[in-house]
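Data block below; observations after.
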Amino acid sequence: MTTALLVLLAVAALSASLALLMARLGVALLADTLAVTAALCGLSAFGLVAVYTVRRARRPDHRLRP
């Protein structure tokens with residue numbers, strides 16, 4: 001989970017920074033594509049953490065039960 005999350009966040013950050021660069025250079029279509037990619041990576045990272053949290057919360061904890 002940690003590796004996948006780090007990769008998603010790295011791709012999102014790279015896409016966002018490249019989108020800003022492409023927008024500054026005047027390449028609008030590529031900038032929009034990179035911005036959408038960054039947003040999708042961010043949403044995927046949020047979903048990954050949410051699923052991991054729910055699965056971990058549902059896992060029985062043997063220390064609580066005698």
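One table, with the values for the structure above:
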read-out	value
Helix 28-58 vs. the chain, principal-axis angle (Cα, 0 to 90°, nearest 10)	0 degrees
Size of electric dipole in the chain: Cβ of Lys, Arg +1 and of Asp, Glu -1, about Cα centre, debye, nearest 20	540 debye
Using alpha-carbon coordinates, inclination of helix 2-25 to the longest axis of the chain, degrees	20 degrees
The chain: translational diffusion in µm²/s, Stokes-Einstein, Kirkwood Rh over Cα pairs, 20 °C, 1.002 mPa s	158 µm²/s
Solvent exposure of the chain as accessible area per residue, Å², 1.4 Å probe	82 Å²
For a label point 7 Å along the Cα-to-beta-carbon line of Ser44, residues of the range 1-26 with backbone N under 19 Å	1-20
Of Ala57, Ala13, Met1, farthest towards positive along the dipole that unit charges on Lys, Arg, Asp, Glu beta carbons give the chain	Ala57
Relative contact order of the chain, pairs being alpha-carbon contacts under 8 Å that are 6 or more residues apart, as %	37 percent
Around Val51: net Lys/Arg minus Asp/Glu count, Cβ-Cβ under 15 Å	+4
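The values are calculated or read from the model by the stated rules, or taken from the named source; none is laboratory data. Source: prediction; values computed, not measured. When we count neighbours, we look across all protein chains shown, and the Cβ atoms used for this are built from the backbone with ideal geometry, even at glycine. Accessible surface areas use protein heavy atoms only, side chains included; no ligands, DNA or RNA. Shrake-Rupley method; radii C 1.70, N 1.55, O 1.52, S 1.80 Å.
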